[in-house]
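Here the structure comes first, spelled out in structure tokens, and everything after it is commentary.
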Amino acid sequence: MEDYVRGSNELVALSKAESRQLFEILGAGSDPDQAVNQQNQANALRVDSATLSDRARDLDVPDELSEAHGYFQEALDLRRDALAVVARALPGALAEEERRESTSDIAETMQVFLASDVLLKARYSPTLEEALDAEGIGEDPPGDQALTFVENLDWVDPDFVADEIAGLRGSDGTAAPGLHGNGLGTVSLAGTALTPGAPTTVQLTEDAAFEIQVVNQGDGTETDVRVTVSVGSGGDAFEAEETIDEIATGEQKPVTIPLSEQPPTGQNVPITVRVEAVPGEEVTDNNEAEFTVIFTS
């Protein structure tokens, strides 16, 4: 029984090391020059985790510890399977055009790692300790910290995963180094271009919508970029918004925001279009524009 505990403790320590390596890979940011290296590291972890699972299966398990070992084996198998999914999804997550779907897959897979944590902490460890106590064995199972694979629960959030892999956050949650910022491009309403400082007449239709161009003027991909439109002033004003899931550096993306309410006709109506600042954005002079529209029916 003592030999089993020492052997399983060694595998727990190795699995914990795999956890640290995995989150270092995922949090390293998206650098085309490093993408192949990151993928190779993830594939190496996939192979290593399969080896750990096989080593657990080869442990000499006393009958008194068979129940505990069943939980232990299942937890390592879950981690093996989850690491395989992450390794398959990582190339897409590192590619801007596929990032959203692939990072969602990685975030969903974090639930599997969490399940392995629950098995080890709520089933394996108590069952093992009870069996050891019953036989008067002095060996101790690992503590909860050693048994935890996912230490930061934010990794179950697809947006957090996307930001980490895109390199938009540092390890402390702040924006990654480099220039961050988006600019407001052209704005039209119901097919009519709007010009700041000059009233524009726009005919109201049932499907009238703002067409707004947003340009990423920073050094890296930005995610969850919020674009808002404010129509009117005072108590009669109303707002609408849309979110750009992801916009690459230098990319220009259109945003369509329907005119959600009926504005007054035959008079000047102030309109403000704004691209909300992203983390790390310091210059916001070109994020907003004000227009005047005269609506006709």
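Values quoted throughout were computed directly from the atomic coordinates according to the rules given, and no laboratory measurement underlies them. Nothing here was measured: the structure is a model prediction, and the numbers come from that model. Note: ideal-geometry Cβ built from the backbone for every residue, glycine included; neighbour counts use all protein chains shown.
Work the Kirkwood hydrodynamic radius out for the chain: mean of 1/r over every pair of different alpha-carbon atoms, inverted, in Å. Write down the numbers at each step before the final one.
Working: mean 1/r = 0.0444 Å⁻¹.
Kirkwood hydrodynamic radius for the chain: 22.5 Å.
Remind me, relative contact order of the stretch 182-296 in percent, using alpha carbon pairs under 8 angstrom and six or more residues apart?
It rounds to 34 percent for the stretch 182-296.
Which value, in nm² and rounded to one decimal, describes the direction-averaged projected area of the C-alpha convex hull of the stretch 2-166? Before the final figure, lay out the partial values.
Values: hull surface 34.5 nm².
With every direction weighted equally, the projected area is 8.6 nm².
Say R0 is 25 Å: what FRET efficiency, to the nearest 0.05, do ALA190 and ALA237 get from their beta-carbon distance? Can you show the working numbers first?
Details: r = 19 Å, r/R0 = 0.77.
Here the calculated transfer efficiency is 0.85.
Suppose only helical runs count, i.e. DSSP H with n ≥ 4. What mean residue ellipticity at 222 nm does that imply for the chain under -39500 (n - 2.57) per run, divided by all residues and rounded to the nearest 500 deg cm²/dmol?
The helix contribution divided over the chain gives -13500 deg cm²/dmol.
Which loop-located GluC sites (Glu not before Pro) does the stretch 191-291 contain, where loop means any DSSP state but H, G, I, E or B and the Cβ has at most 11 other Cβ atoms within 10 Å?
GLU206, GLU282
Run through the DSSP bridge list for the chain and note the antiparallel percent, rounded to the nearest 5.
The antiparallel fraction comes to roughly 90 percent.
Using only the Cα atoms of the stretch 208-297, what do you get for the radius of gyration and for Dmax, in Å?
14.3, 44
Based on the Kirkwood radius over alpha-carbon pairs, what is the Stokes-Einstein translational diffusion coefficient of the stretch 26-75 at 25 °C with 0.890 mPa s viscosity, in µm²/s?
185
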